[in-house]
Amino acid sequence: MRLSVPVFLALLFSAGTAAAQSSPEAPPDQAMAALRSAAADVKAPQVQKQGAITFVSGGVGEEDRSALRQMAQGYNLRLMFAVQSSGEYLANIGVTLVDAQSKTVLDAISEGPFFFAHMPPGRYKLTVANDGKSQTRSIDVAASGAVSPSFYWPQGT
């Protein structure tokens, strides 16, 4: 799925317009309350857990990307997904991690172009999939620091 102009701004604009249309005499504080309510409806990246792995994904819109940037330090695996020639971000990417004992330790969908996971140290086989086209890499997660591979797919996938 390719991402376009941030939806957040459109939601804020439509909420402000709706508030103004529904109550033309609404005081500015009520209009601001409507904008805050619309902003609260925008889903912030949610931390999830599978087994021993904690992860978060997203990055749809600048506010979401900003929130993820602030969270990045807590994760030792940081993935990014985009189109090869344009750099256009991608979402709905399958992410699978298999440990050294061939056990699948994570099977998730990245809701945006960024996927961060906190992993136990070790060697993993990482497979990411977009529209039926997958890429696989071996990664080593150390006890300190972070691994930050980026994945690109050709235009038109």
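With no solvent and one equal point scatterer per Cα, compute the Debye intensity ratio I(q)/I(0) for the stretch 46-157 at 0.15, 0.21, 0.22 Å⁻¹ and report its log10, rounded to two decimals.
-0.60, -1.18, -1.29
Cut-off under 22 Å on the C-alpha distance; same-chain residues fewer than 8 positions from K49 excluded. Which lysines are left, in chain and number order?
K103, K125
For the stretch 45-157, calculate the relative contact order in percent as a whole number, restricting contacts to Cα pairs under 8 Å that are 6 or more residues apart.
Values: 255 pairs, mean separation 34.2, N = 113.
Over the stretch 45-157, the number comes to 30 percent.
Please turn the phi angles of the stretch 103-114 into ³J(HN,Hα) values with the Karplus equation 6.51 cos²θ - 1.76 cosθ + 1.60 (θ = phi - 60°), one per residue in order, whole Hz, x for glycine and proline.
9, 6, 9, 8, 9, 9, 10, 7, 7, x, x, 10
No value in this document is a laboratory result; all are computed from the given coordinates. This structure is a prediction, so every number in the text was calculated from the model and none was measured.
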